[in-house]
Amino acid sequence: MDSAVNFVEYVVKSLVDSPADVRIELKKGEKDSSINIHCKKEDIGKIIGKSGKTIMAIRTLVSCSASRINCHLNVEVVDQLAD
């Protein structure tokens, strides 16, 4: 699961204008876990992408990776950091 978190962090930091302000949080459950992305408000659109295509691509890659270890990972942009 750490490799999925590192992947999300790398991709998200590559997309945003303020990579130092990106925080990735892993919340573990028994079968389902969640990777939460925290960033500045201005960068949320860059992570989500046009019609949600960027975040959907990230979710697809993470889901495929997690399925190899019989786990389900959700990727969410949960909120923004304070300005």
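Quick look at the numbers
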item: Cβ-Cβ under 8 Å pairs, at least 6 apart or on other chains, the range 2-29 side in contact (Cβ under 8 Å) with a residue 60 or more places away in the chain, far side among the acidic types (Asp, Glu) and surrounded by 12 or more Cβ atoms within 10 Å (Cβ to Cβ); result: ASP21/ASP43
item: Contacts under 8 angstrom Cβ, first residue in the range 37-56 being among the basic types (Lys, Arg), partner assigned to a helix (DSSP H, G or I) and surrounded by 13 or more Cβ atoms within 10 Å (Cβ to Cβ), 6 or more apart; result: LYS40/ASP21; LYS46/LEU15; LYS46/THR54
item: Scan of the range 67-83 for residues that are exposed (fewer than 10 other Cβ atoms within 10 Å of the Cβ), modelled with pLDDT under 80 and not charged (D, E, K, R), ordered by number; result: ALA82
item: Selected residue (criterion: surrounded by the fewest Cβ atoms within 10 Å (Cβ to Cβ)) from residues of the range 1-23 that are in contact with a strand residue (DSSP E or B) (Cβ under 9 Å, 6 or more places away or on another chain) and more than 20 Å from ALA57 (Cα to Cα); result: SER18
item: Given (1) touching a Gly at 6+ places or on another chain (Cβ under 8 Å); (2) loosely packed, with under 15 Cβ neighbours inside 10 Å, number of the condition ILE55 does not satisfy; result: (2)
item: Identity of the residue in the range 24-43, exposed (fewer than 14 other Cβ atoms within 10 Å of the Cβ) and acidic (Asp, Glu), that ends up nearest to VAL11 (Cα to Cα); result: GLU25
item: Any hit, the range 39-52, residues being at pLDDT below 95 and in a strand (DSSP E or B); result: yes
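The values are calculated or read from the model by the stated rules, or taken from the named source; none is laboratory data. Keep in mind that what you see is a predicted model, and the values were worked out from it rather than measured. Using ideal geometry, Cβ is built from the backbone for each residue, glycine included, and neighbour counts are taken over all protein chains shown.
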